[in-house]
Each structure stands twice: as structure tokens, then as C-alpha cells.
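Student: Encoded as C-alpha cells, here's the structure I'll be asking about.
The values are calculated or read from the model by the stated rules, or taken from the named source; none is laboratory data. What you see is a predicted model, and the numbers here were worked out from it, not measured in a lab. Here Cβ is always computed from backbone atoms with ideal geometry, including for glycine, and neighbour counts include all displayed protein chains.
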Amino acid sequence: MAIVSWQFEIDVLSIDMNEERLEKRYQRERQAREAAESLLEKKSLELFQRNQELEEVKESLEKQILERTREAEKAKSEAWESNQAKSQFLANMSHATMTPLTAIIGFAEVLLQHKVSSEDSIKYLNTIVGSGRHLSTLLGEILDISKIENKNLELQPIRFNLPNLLQDIEQMYLFNCKKERLDFVMVIESDIPEWVVTDPTRLKQVLHNLLNNAIKFTSEGCISVHVNFQPTSNTLLIDVVDTGEGIVEEKQALIFEYFRQADATISSNLGGTGVGLFITKSLVELMGGFVELQSTVGRGSKFSVSIACEDCEGKCSTIKARRVVDSQSVGIPSLVGNILLVEDIEVNRQLITLNLRQTGAKIDTAVNGLEGLQMALSGEYDLILMDIQMPVMDGKEALKSLQQLGISTPIYALTANVISADIQEYIALGFSGVLSKPLELNKLHSVLKQYLRTENHSDAEKAQRSNLFAQDPKIKALFFSELSKQNMEITENIKKLDYAGLTNAAHIIKGSAETFGYDTLTKLASESLLLLRKKQYEQAVQQCTNLNLKLAEVLNEYND
Amino acid sequence: MSITINILLVDDVEYSRELLRAAILVCIREHKTEIDVNFFHSSTGELIPDRIAIHDIDLVYLDIELPHTSGLEVLKQIRKVYPEMMVVMVSGESSSKNVTSAIKSGANGFIVKPFNSGRILDTLQSYLKKAKKL
């Protein structure tokens, strides 16, 4: 029994030990599982959070994509619209430029081909001139727009006499309105300053635009301009009022946008391009002011412009009595002098030569800068008119060369480039001034009058100028003693058939006979030289004999 | 106040030299330019830089069509020693080749036969302008 109980005890003990081990293992495993579970929970939480974040990112990305797409679509439609508008503008412009061009070509062809009465031809020529000027204005406007769009438009503020500018405008529009059977009145308040600083060219452009517009849209009645000044803010206030058809309210804002005239058909009816008011507004804003419009359909419009001026000085309490212009006829001055025209394009050369010749001046022409340079070196010119863009040597290069060689002749640049920055560049380079093409006759004439002489007191002076050397007794004596020496040389060289000697003699005679007015000698000497150079010796000797005979004749006259 | 300038005339033809000399004098007289002039002559283009040094020359009138050494060659020689010397080229013709080479080689003037007073006066006046600056 004792054994059994022992055994039993052992069994119990072993069971006890077993249980304890199992319990421990269980505990261990439980802990391990708990740790794993908590890790799992932690990880899945993290995963969840990541997922959440990703979800958010995805959503915001989607939102952004939507936004971007919308923006892109908007930009696309804007680009399309602006492209449409530009195309429309280009179409308008092509149409607007084609109309005057057609007139120019058409009337010119009529004048070329048919026998036209002088009365009609004057009418046609006026149309051609008018169309040309219109075209030139149009192109100026296109240039302005591109400068405004690129923010390249710069003002050139200078100090100028305001009443004079206004009176010039007044005179011009008294005339223009009379032509259209409209009344015109300009009221200038007495307290406007006499001198102001702003850009006078642009100010005029603004006034021209507003006034031409007013005339265009007014079939009867009156155009009036009212000029006022606000001294506290140094602001010039100008109202342009017409009794025209007026503009409906919805379209009042639109007319300041370019290529958007209130009525699309207007441009074809009235020949405008719808850019004038856009330019006007941009210019006025650039000058530190604004444009306002009040208009009633059927009664008329009032454009009010304010412009900030600087350094206003003086008061023009006495505005000179209004002058009335009877006509704008261009008086052609009678002038004496020599002009060198350097221009590569033949049509321009002919046209300008024609205009210059009408004044009585003598014109020489050259077709590029180099030829102009060569002629300027050998001739005596009162004025050189120099195109800028030319082949071989351009106008700027020619000017530089003439400057290097110390030529003092005044040189005017001729240019189709009306950008004022360029004009300033030309002046800085040393051009005496700039004339823009197409030439305005009155501007050309005023330049010519500045450098050429008027007919009255010119003859004596001219004679003195050209014969400065010929009249000098010492030079004359030198010339004749050389002539007699060459006379003997030629006789000798003809005998010896010394062609080099003959060339030399002819060269010397050619070089100075012209100065003394012996044109025949110069001519014979030149011809001899040419034959000698061509090695046509038989004829050359004959010509040298002629030259020598003439030489002897001249010498005999002199000795008598 | 009048200034005195030493002028060197380089031309192989004596008559041409004399004519230019007379023409310069007429210009000075007629335009009351306050200049006294001493003239020096050379009938060839040889050793011109040396002559400039010896006679203390201020202004050179240099014929382009010289025998042996051409005027343009002489101009280059002068420029090597006297970069600022005023040199006026003289020629029977203003051919484009002559004019462009003269400009390229740094000529300060270019007068063409037959001489005209305006161009000669220009050369004198640009000399005076240049002299004032220095």
C-alpha cells in the first residue's frame, strides 16, 4: 500500500508539476499573443491613419486636377476669344488698309492709262494723296497699339506753349468742320497756364482722335471744345462735345476697347478701324488722367479728358485774336542750293526728287550709303537727305563715315520708322534732324528753307562760293602755267607714243579744268583717259590731239 | 589768337601739291580762319613717319595714287607711329574701294580733285576742333 500511495503521490506531484509548466507556458503564450495583438492593433491603426491621409491627398489632388482643368479651359477659351478678337481686328485692319490702297492703285492706273482732263486729274490726285495719308495714319495706329499692348509706349514730355498748341488745333478744325458743313467752336478759359510740361504730340493725338471721331459721327450741328484748368491739382480738363447720333448706354464702355466699335457695321460705313478711342484712352491714362463719356442717343456725346501737367507756368490771360484759315494750300518756296538725296527705293527717289526740284534746288541722287558717301566727298552740298535702311551701306554707317572724314554738311535722316526712341537715337548719332516718310511737304519745305538760300540774294553769293578757287589769281596762274606745260608734254608724248605720259597729262587736266569752267577741256581729257585705259591707242592719240588743240586755244585766249 | 600749324603735302605731281597749297591758303583767307600755315612737301610716300617727326607736322594731306608705296599704305605706316595724327586723303576719284579703305585705315578726311573749298575748309575745321580737344 505504501508503494501505491507513493506512486500516487508521485503521480500527483507529476500532475502538479505538469500543470505548473502548462500554466507558465499558457501565461507566456498569452502575453505573447497580447503583445502581438496590441502590435497588430497599433499597426492597423497606423495603416488606417495612412490610408485616411492617402485618401485625403487623393481627394485634394482630384480637386486640384478639377480646378486646373477648369483654369485651363478658361484660359483656353480666353485665348480663343482673344485670338478671335485679333483675327477680327486683323480682318478689320486688312479691310481698312485695302480700301485706301485700292483707291491709290486704281486712280493712279486711271491717270496712267487714260486721257484725263486736268480738272479730273487734280481730283484723282487729291484722292490718292488723301488715301495715302489715311493709310499712313492707320499704320501709325497699329504701331501705337502694339506698343500699348507690349507696355512699350513712352511719353516724351517737354515744356511747350499750351495756347499755341490749342490754337493750331482750333485753326485746323475750323477748316475741317467747315468742309463738313459743321460749326466749330473752341472755348479756352483764361486761367489755363501758358507753359506746361507733358507730351505735346500725344496730347494733339488725343485731341485729333476725339475731334475726328466727333466729326465722323455728327451729320449736322456743332462740335465744341472746352478747355479748362484746375490749378490745385495741375490738371488740364478738355471736353469735346458733339451734336451727333450718340451712343446707347450698354455700348458706352465697349467703345474704348480696341477693335470693338459700338456697331460692327460702322467700320465698313465710315472707314474707321475702331482703334482710335482705345489709343486715346491708353494715352490719357499714360498721361496720368482719364476719359469719361456722357452720351444721349439722338442728342450727342461729350468726351471729357483730364490730363496731369507738370511745371505749369504763366497765365494766358490774353489769347490772341482768333485767326481764320482760308485754305491749307502748300506754298512752295523758291530756293537755291544743292541737295544730295540718298535713297535705295526708286519710287521714293523719284517722288522726293520731284518734290525737291519744285523748289528750284539742284538734286543729286545716290542709291546707297556708300555711293552717297562718295558723292558727298566730291560735291558741295547744302543738305544731305539720307535714308536709313539701305543695302551695301546703311544710312547710319554712311553718317558715321562722313563724321570720321569731318564732313560738315547737315544730314537729315529719312525714315519710315516713326518710333520716337529711334528718332532720338538718330539725333544722338549726329543727324541734324529726321523727316518721316511719307514726306509731309510743309515739313520738308521748312527744313529746306533752313539750309538752302532764297532766290533773291543768292546769285552773287553762289557765284562767289563756286568760283572761290577759280577767282584766285595765284591759283589761276598756277593752272595756266601747268596747262602750257601739259600742252608741251602732250605734243612730245604723241610724237613718242608714250601712252603713260599721255595718261598722266590727261589726268592732270581732268583734275582741275572743271574748276575754271573749261568744261570742253574736262570732257576731252576724260574721253582721252577712257580710251587710253581701254588701250584703244589709235583713237586715244586722236583724242589727245583734239585735247591739245583745245588746250592751245585756251592758252592763246588767256595770253591775250 | 591765331595758331600755327605745320602741314605736310604728299603728292608726286608738283602741280597738284602747289594747287592744294594755294587752295588751302585761299580757304584760310576767305573764311578768316585764324591759322598760320607752314607747308612741307614730299613727292614720294617713303619715310613719311620720319618726316612727320623732323618737321613736327600737325596735319598731313596724302595723295592716294602715289607711285611705289600707295597713299593707303603710307596711312597705315603713319597710324602705327602716330595714332592721333590728322591725315586727310587726297584722290582724283572717290572710288568706293578708295573711300572704304581710307575709312577703315582711319583717315580723318578725304578730298577729291577737282578741289572744292567746302571740303578743304571741312578738313581745316576738323583739325581745329581736334586740336582744341587735346
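Student: Considering only segment A:532-551, state which residues are within 50 Å of the chain's Cα centre (by Cα) and closer than 18 Å to B:G92 by Cα.
Tutor: Our first condition is that a residue be within 50 Å of the chain's Cα centre (by Cα); within segment A:532-551, this holds for A:533-534.
Selection gives A:R533 alone.
Student: Follow-up. Looking only at residues that are free of Cβ contacts under 8 Å to residues at least 24 places away in the same chain and surrounded by fewer than 15 Cβ atoms within 10 Å (Cβ to Cβ) in segment B:14-52, which one is farthest from A:T503 (Cα to Cα)? Explain how you work it out, then say what you get.
Tutor: If we filter segment B:14-52 for residues that are free of Cβ contacts under 8 Å to residues at least 24 places away in the same chain, which is where we start, we get B:15, B:18, B:21-22, B:25, B:29, B:32, B:46-47, B:50.
Still in the running and surrounded by fewer than 15 Cβ atoms within 10 Å (Cβ to Cβ): B:29, B:32, B:46-47, B:50.
On the way: B:R29: 34, B:K32: 38, B:E46: 24, B:L47: 27, B:D50: 32 Å.
This residue is B:K32.
Student: Considering only segment A:512-546, how many residues are in contact with a helix residue (DSSP H, G or I) (Cβ under 7 Å, 6 or more places away or on another chain) and not in a helix (DSSP H, G or I)?
Tutor: So the answer is 1.
Student: So, one more: Show me the helices (runs of 4 or more DSSP H) found entirely inside segment B:36-113 where at least 3 residues are closer than 21 Å to A:H507 by Cα. Even if it seems obvious, please write down each step before you answer.
Tutor: Details: elements: B:48-55, B:71-81, B:96-104.
Ranges flagged: B:96-104.
Student: To continue, here is another question. Return the residue satisfying two criteria in turn: it lies in segment A:382-410 and is of a type in the set (V, I, T) and within 12 Å of chain B (Cβ to nearest Cβ), and of such residues it is surrounded by the most Cβ atoms within 10 Å (Cβ to Cβ).
Tutor: Within segment A:382-410, the first condition is being of a type in the set (V, I, T), and the residues that meet it are A:384, A:388, A:392, A:407, A:409.
Subsequent filtering for residues that are within 12 Å of chain B (Cβ to nearest Cβ) retains A:392, A:407, A:409.
Working: A:V392: 14, A:I407: 23, A:T409: 19.
Top of the filtered list is A:I407.
Student: Could you run through segment A:192-208 and say how many residues are surrounded by 18 or more Cβ atoms within 10 Å (Cβ to Cβ) and at pLDDT below 90? Break it down stepwise before answering.
Tutor: Pass one, segment A:192-208, residues surrounded by 18 or more Cβ atoms within 10 Å (Cβ to Cβ): A:192-193, A:196, A:198-200, A:202-203, A:205-207.
The next check asks that each one be at pLDDT below 90; those that pass are A:192-193, A:196, A:198-200, A:202, A:205.
Number satisfying all stated conditions: 8.
Student: State all residues of segment A:138-158 that are over 16 Å from the mean Cα position of the chain (by Cα) and surrounded by 14 or more Cβ atoms within 10 Å (Cβ to Cβ); if no residue qualifies, say none.
Tutor: A:P157
Student: Determine, yes or no, whether B:K97 is out of contact with any Ser or Thr (no Cβ under 9 Å at 6 or more places or on another chain), over 25 Å from A:L383 (Cα atoms) and surrounded by fewer than 17 Cβ atoms within 10 Å (Cβ to Cβ).
Tutor: Details: out of contact with any Ser or Thr (no Cβ under 9 Å at 6 or more places or on another chain): yes; over 25 Å from A:L383 (Cα atoms): no; surrounded by fewer than 17 Cβ atoms within 10 Å (Cβ to Cβ): yes.
Considered against the rule, which asks whether it is out of contact with any Ser or Thr (no Cβ under 9 Å at 6 or more places or on another chain), over 25 Å from A:L383 (Cα atoms) and surrounded by fewer than 17 Cβ atoms within 10 Å (Cβ to Cβ), B:K97 comes out as no.
Student: Between residues in segment B:93-107 that are within 19 Å of B:Y82 (Cβ to Cβ) and residues that are of a type in the set (V, I, T) and crowded, with 18+ Cβ neighbours inside 10 Å, which pairs lie under 6 Å by C-beta distance while being six or more apart or on different chains?
Tutor: B:A107/B:V87
Student: Restricting attention to helices (runs of 4 or more DSSP H) lying wholly within segment A:148-255, give those where 3 or more residues are closer than 14 Å to A:V305 by Cα.
Tutor: Values: elements: A:162-179, A:200-216, A:249-252.
So the answer is A:200-216.
Student: Hey, among the residues in segment A:505-554 that are free of Cβ contacts under 8 Å to residues at least 12 places away in the same chain and within 14 Å of chain B (Cβ to nearest Cβ), which one's surrounded by the most Cβ atoms within 10 Å (Cβ to Cβ)?
Tutor: Of everything passing the filter in segment A:505-554, A:G511 is surrounded by the most Cβ atoms within 10 Å (Cβ to Cβ).
Student: Can you name the residue in segment B:115-133 that is without any contact (Cβ under 8 Å) to a residue 24 or more places away in the chain and either more than 8 Å from every other protein chain (Cβ to nearest Cβ) or surrounded by fewer than 18 Cβ atoms within 10 Å (Cβ to Cβ) (or both) and is also farthest from A:E397 (Cα to Cα) among such residues?
Tutor: It comes out as B:K132.
Student: With respect to B:D11, determine if the residue is buried (at least 16 other Cβ atoms within 10 Å of the Cβ) and either under 17 Å from A:K474 (Cβ atoms) or not basic (K, R) (or both). Quick ask: steps written out before the conclusion?
Tutor: Values: buried (at least 16 other Cβ atoms within 10 Å of the Cβ): yes; either under 17 Å from A:K474 (Cβ atoms) or not basic (K, R) (or both): yes.
Considered against the rule, which asks whether it is buried (at least 16 other Cβ atoms within 10 Å of the Cβ) and either under 17 Å from A:K474 (Cβ atoms) or not basic (K, R) (or both), B:D11 comes out as yes.
Student: Which condition from (1) in contact (Cβ under 8 Å) with a residue 40 or more places away in the chain; (2) more than 13 Å from chain A (Cβ to nearest Cβ); (3) part of a loop (DSSP other than H, G, I, E, B) is the one that B:I5 breaks?
Tutor: (3)
Student: Moving on. Filter segment A:334-376 down to the residues that are within 14 Å of chain B (Cβ to nearest Cβ), in contact with a helix residue (DSSP H, G or I) (Cβ under 9 Å, 6 or more places away or on another chain) and either of a type in the set (F, W, Y) or in a helix (DSSP H, G or I) (or both) and list them by number.
Tutor: A:G369, A:L370, A:E371, A:G372, A:L373, A:Q374, A:A376
Student: Moving on. Out of the residues in segment B:76-92 that are within 13 Å of chain A (Cβ to nearest Cβ) and touching a strand residue (DSSP E or B) at 6+ places or on another chain (Cβ under 7 Å), state the one that is surrounded by the most Cβ atoms within 10 Å (Cβ to Cβ). Reasoning before the result, please.
Tutor: As a first pass, look at segment B:76-92 and keep what is within 13 Å of chain A (Cβ to nearest Cβ): B:86-92.
Checking the rest, the ones that are also touching a strand residue (DSSP E or B) at 6+ places or on another chain (Cβ under 7 Å) come to B:86-91.
Numbers: B:M86: 21, B:V87: 25, B:V88: 25, B:M89: 28, B:V90: 25, B:S91: 22.
Applying the filter and picking the extreme gives B:M89.
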